[in-house]
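No value in this document is a laboratory result; all are computed from the given coordinates. The structure displayed is predicted, hence computed values, not measured ones. Every residue, glycine among them, receives a Cβ derived from its backbone with ideal geometry; neighbour counts consider all protein chains shown.
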Amino acid sequence: MKTKHLNTYVDNICSIHTFNERYCGLRIIVSHAAMQELMNEAKTLYDVVEILEFGKDAPRKRKQGIIEKWFNESNNTFNVVIAKSYDEIMNEECWILIHFGKFTKKKRKK
């Protein structure tokens, strides 16, 4: 039986609350899986906020409360997915970074 990787669930977040980057007035908390993805790309939470502020909406639709933004940088496109949630430790609404990824644009053959 194939099992899901547990670090992808929104409620499995980093308990470190030293991050204070915000988007639309709400603090961003990073899931364990997204933290690994950020580290693999050598990006920070500041880069995430920059993509959210200056990136374009992704062409696919997401559920209400989930935002996906794409940001083009040379031949790469970075994508960020955040979900609105509630942090019970800090007693406030927040965003949870659930995915940070990168893909390369393929050149079309003529």
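What to note about this one:
- The fraction of Cα-Cα pairs per 10 angstrom bin, counted from 0 for segment 22-104, comes to 18, 54, 25, 3, 0 percent, rounded to whole percents.
- On the beta carbon distance between TYR86 and ASN40, with R0 = 41 Å, the FRET formula returns roughly 0.90.
- Spacing of the modelled spin labels on PHE54 and ASN79, each 7 Å from Cα toward Cβ, amounts to 2.1 nm.
- Lys pairs under 20 Å by Cα in segment 22-104, provided they are eight or more residues apart or on distinct chains: 12
- Taking 0.36 nm per residue of separation and subtracting the current Cα-Cα distance, fully stretching the chain between LYS105 and LEU26 would add 25.3 nm.
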